[in-house]
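Quick note: the coordinates plus some simple rules give every number you see, no bench work behind them. Just so it is clear, the model here is predicted, and its values are computed rather than measured. A quick note on method: Cβ atoms are made from the backbone with ideal geometry, for glycine too, and the neighbour counts reach across all protein chains shown.
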2 protein chains.
Amino acid sequence: MALTEFELIQRCFADQAGALARADVRLGIGDDCAIVAPCSGQELLVSVDTSVAGVHFPATISPYDIASRSLAVNLSDLAAMGAEPAWFTLALTLPEMDEPWLFEFSRGLFDTANEYGIALVGGDTTRGPLSITIQVQGYAPTGKALRRDGAGVGDLVCVSGSLGDAGAGLALVLQEEGDATDHLQRRFLAPLPRITTGLALRSVASAAIDISDGLLADLGHILERSQVGAVLQAKAIPLSPELRQAVGEDQALQHALSAGDDYELCFCVPADQVEKLAAIAAQTKVPICQIGVVTAELGLRVLDAQGQPMPLPAAGYQHF
Amino acid sequence: MALTEFELIQRCFADQAGALARADVRLGIGDDCAIVAPCSGQELLVSVDTSVAGVHFPATISPYDIASRSLAVNLSDLAAMGAEPAWFTLALTLPEMDEPWLFEFSRGLFDTANEYGIALVGGDTTRGPLSITIQVQGYAPTGKALRRDGAGVGDLVCVSGSLGDAGAGLALVLQEEGDATDHLQRRFLAPLPRITTGLALRSVASAAIDISDGLLADLGHILERSQVGAVLQAKAIPLSPELRQAVGEDQALQHALSAGDDYELCFCVPADQVEKLAAIAAQTKVPICQIGVVTAELGLRVLDAQGQPMPLPAAGYQHF
């Protein structure tokens, strides 16, 4: 017998939400509001993002990946601020109640939620074109969150992981080429929010952001908010072997500079803190590369191997 | 000269969000996350709701009303739990960047936000079919929030204001009949979240909910969660003179029982607390009516003037 709408939502979300017991969640799904009891001495970090089918992801990707990716993208905002994930809400707009689809969506959502220790405390399901709005909350000790506005002249510009993979992966996903399990496609479909890196950077970095719109655009936000500039060394920008092989060296660099969706962290580190980065990379098992330096001169320049400024592509993702 | 997308969002949202200074908001719009510092000794109430054009409201209503109503509907969830509004986020999905539309939307949003002292701390703007997801946060002293599961046998069942107006108002809005400023239409277009009533009920009511899906459906949630039943007196259900005049006595009662969107509160009050209700109604300037009693026998019955059980319509709003 088919489940009623209520039973389906109950099984896919409310029942599983209770699986992750957090002492700071006093009342979960099922009332007008959830009740949470924030830890004292901590500030709460709040971020909301909407993923619309056909805009932020191709409508063809699996419901598992849609859910997992939507939550990961939001977790990445917590990572960028050095916050520890706590709770989230889900507003899911669906064209129809498709039981297998919802079960797979739910599985992707809770696999990711449980991995990062974040509890679903509330939600809303509505009818309409497919779109997922997630709001995440996390903790950072008072005054310790990483912001965009703290970069200082002389700080090193660093990034986690490698850049450009997701941009090339998205192109493959859109062309429905190759295997959805290959490295580049997984980088787009299943980004890894750099939570442990963000937490470790809390006492080290002067500013941070996650790379959702491309390195140039996102580092640009740090520079603008901090009222500084930067010079990057193209050779130092980390490119994966898979990306170099798939698109060649030049195109790989263009992806790294301008394609979004990698959800790596870009951050600035004062010179006297730089020696801590190797230990952080080892502890978190996420590579960290120094790619440039913060300058008093405004603007963002990228130097080629000969030390000459490279022409830069138009920056970043335009939301409209 | 036309504003860029960034400038438009900045003017309509970020600039105005700063107008409401709250000591517990440490960093507002403009970084990966907002930073808030929850008051100690308080629990945080969290609720999220999506309003989709053509589903939750007719696409023809004004952008001012769309924004104001979307926020009011969320504030009503805080009212139902006896919470004091604190901050909210807005995820706005729009088919296009229409400057006059956005300015009006923004005006409606902040008129309501400022009236209830709730600060916009974050948001996301995406392209797609019109939909508004708002998450509200509010405070209640630890353990004092009103829940659905506390109703006890013998408690009085009460409602604020009058019921059924918004249902009749929606019918008029849909028919594009009469004047959008008339009482019934305003009840649909500009619901009044009963925040002050909710706060006053915190030490008085045993259970509460807001009426979004109709009295029968929403009171049904309280009864189910509290594992009790109730008997209501049809004659005691408050109907406005405007509603009686517009649709007649019988239809008015049907609207009151089954139409949603009134956003009044339905709550239960132990007999020894009932004498406090008159003072609360006077202080909040919102009428309170006793409409029935909580019973050990499960189920919900409505008695007519002769004390006979009335046949009840199918309950409430179906989301799918």
**Q.** Sum of -39500 (n - 2.57) over DSSP H runs of 4+, divided by residues of chain A (222 nm, nearest 500)
**A.** -9500 deg cm²/dmol
Q. Three principal axis extents, largest first, for the C-alpha atoms of chain A, in Å?
A. 69, 50, 35
Q) Of all GluC sites (Glu not before Pro) in the stretch B:113-178, which ones are in loop regions per DSSP and have a Cβ with at most 12 other Cβ atoms within 10 Å? A) B:E176, B:E177
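Place a +1 charge on the Cβ of each Lys and Arg in the stretch A:253-309 and a -1 charge on the Cβ of each Asp and Glu, then give the dipole magnitude about the Cα centre in debye, rounded to the nearest 20. Please report the intermediate quantities before stating the final value.
On the way: 3 positive and 7 negative charges, 22 e Å.
Magnitude of the dipole: close to 100 debye.
Given Cβ point charges of +1 (Lys, Arg) and -1 (Asp, Glu) and nothing else, what value in debye, to the nearest 20, does the dipole of chain A about its Cα centre take? Please report the intermediate quantities before stating the final value.
Numbers: 19 positive and 39 negative charges, 182 e Å.
In total the dipole reaches around 880 debye.
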Q: Enumerate the amide H contacts of A:D124 below 5 Å, restricted to partners 5 or more residues apart or on another chain; note that Pro and chain-start residues carry no placed amide H.
A: A:L90, A:A91, A:L92
Q: Partner chain Cβ atoms within 10 Å, averaged over the residues of B:77-83 - can you pull that number for me?
A: 3
Q: Enumerate the calculated ³J(HN,Hα) couplings along the stretch B:162-168 in order (Karplus 6.51 cos²θ - 1.76 cosθ + 1.60, θ = phi - 60°), each rounded to whole Hz, writing x wherever the residue is Gly or Pro.
A: 10, 10, x, 4, 5, x, 5
**Q.** Qualifying lysines (Cα of each under 16 Å from Cα of A:K276; at least 8 residues distant if same chain)
**A.** A:K285
Q: Could you give the C-alpha radius of gyration of the stretch A:151-272 expressed as a fraction of 2.2 N^0.38 Å, taking N as the number of residues it contains?
A: 1.07
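When averaged across all projection directions, what area in nm² does the alpha-carbon convex hull of the stretch B:5-141 cover?
On the way: hull surface 31.1 nm².
Mean projected area for the stretch B:5-141: 7.8 nm², to one decimal.
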Q | Under 12 Å, Cβ to Cβ, from B:G307 - net charge with Lys/Arg +1 and Asp/Glu -1 | A | +1
Q | Under 14 Å from the A:Q175 label point (7 Å along Cα→beta-carbon), backbone N, the stretch A:249-270 | A | A:251-252
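List the relative contact order of chain B as a percent without decimals, with contacts defined as Cα pairs under 8 Å and 6+ residues apart. Let's see the in-between values first.
Details: 702 pairs, mean separation 68.5, N = 320.
Over chain B, the number comes to 21 percent.
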Q.
Run the paramagnetic zone check for B:I61: 7 angstrom along Cα to Cβ, then residues of the stretch B:244-264 with backbone nitrogen under 16 Å.
A. B:259-264
Q) Local charge sum around A:H56 (other residues, Cβ-Cβ under 13 Å, Lys/Arg +1, Asp/Glu -1)? A) -3
Q) Do you know the relative contact order of the stretch A:58-170, to the nearest whole percent, from alpha carbon pairs under 8 angstrom that are 6+ apart? A) 37
Q) For chain A, modelled as a Gaussian network with Cα springs under 10 Å, which listed residue fluctuates most, A:A79, A:A91, A:A259? A) A:A91
Q | Integer Hz, Karplus 6.51/-1.76/1.60 couplings in order for the stretch B:39-48, x for Gly and Pro | A | 5, 6, x, 10, 8, 10, 9, 10, 8, 10
Q | Hits among aspartates and glutamates - C-alpha to C-alpha of A:K144 under 19 Å, sequence gap 8 or more where chains match | A | A:E43, A:D77, A:E84, A:D155, A:D210, A:D272, B:D24, B:D31, B:D32
Q. For A:T197, what charge total do you get from the other residues with a beta carbon under 12 Å from its beta carbon, if Lys and Arg give +1 and Asp and Glu give -1?
A. +1
Q: Choose one answer from A:A113, A:A208, A:A171: the residue with the largest mean-square fluctuation in a GNM of chain A with alpha-carbon springs under 10 Å.
A: A:A171
(Q) Can you tell me the orientation of helix A:215-226 relative to chain A, as the angle in degrees between its alpha-carbon axis and the longest Cα principal axis, to the nearest 10? (A) 80
Q: With label points built 7 Å along Cα→Cβ from the Cα atoms of A:H183 and B:Q251, find their separation and express it in nm.
A: 6.9
Q: Name the residues whose placed amide hydrogens come within less than 5 Å of the amide hydrogen of B:Y139, ignoring near sequence neighbours (fewer than 5 apart) on the same chain.
A: B:L45, B:E84, B:A86
Q. Gap in Å between the Cα centre of the stretch B:206-265 and the Cα centre of the stretch B:18-68?
A. 28
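Scan chain A and report its longest stretch carrying no trypsin sites (Lys or Arg not before Pro) that are both in a DSSP loop and have at most 16 other Cβ atoms within 10 Å. All intermediate terms of the calculation are to be shown ahead of the outcome.
Details: sites that count: A:R22, A:K144, A:K285.
Excluding the exposed sites themselves, the longest stretch runs over A:145-284.
For the stretch A:156-303, give the magnitude of the charge dipole about the Cα centre (Cβ charges: +1 Lys/Arg, -1 Asp/Glu; no others), in debye to the nearest 20. Kindly include the intermediate steps, with their values, before the conclusion.
Details: 10 positive and 18 negative charges, 113 e Å.
So the magnitude is around 540 debye.
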Q.
In whole Hz and in residue order, list the ³J(HN,Hα) couplings for the stretch A:117-132 that follow from phi through the Karplus curve 6.51 cos²θ - 1.76 cosθ + 1.60, θ = phi - 60°; x for Gly and Pro.
A. x, 10, 9, 6, 10, x, x, 8, 10, 10, 8, x, x, 3, 7, 10
Q: Name the residue farthest towards the positive end of the dipole of the protein assembly as shown from the options A:Q251, A:V157, B:L44, assuming +1 on Cβ of Lys and Arg, -1 on Cβ of Asp and Glu, about the Cα centre.
A: B:L44
Q: For the stretch B:268-301 and the stretch A:106-120, compute the distance between their C-alpha centroids and round to whole Å.
A: 41
Q. Going by how many other beta carbons lie within 10 Å of each one, how would you line up A:T89, B:T50, fewest first?
A. A:T89, B:T50
Q.
Test of understanding: in a Gaussian network model of chain A with alpha carbons linked when under 10 Å, which of A:G117, A:G161, A:G30 would top the mean-square fluctuation ranking?
A. A:G30
Q: Between B:R22 and B:E99, take the C-beta separation as r, use R0 = 22 Å, and let me know the FRET efficiency to the nearest 0.05.
A: 0.15
(Q) Just checking the output field for A:48-61: average partner chain Cβ neighbours within 10 Å of each residue's Cβ? (A) 4
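Can you put A:M310, A:M81 in order, fewest other beta carbons within 10 Å first?
Numbers: A:M310 13, A:M81 28.
Final ranking by Cβ density, sparse to dense: A:M310, A:M81.
I'd like the per residue volume of the convex hull spanned by the Cα atoms of the protein assembly as shown, given in cubic angstrom. Write down the numbers at each step before the final one.
Working: hull volume 102.1 nm³, N = 640.
Cα convex hull per residue, to the nearest whole number: 159 Å³.
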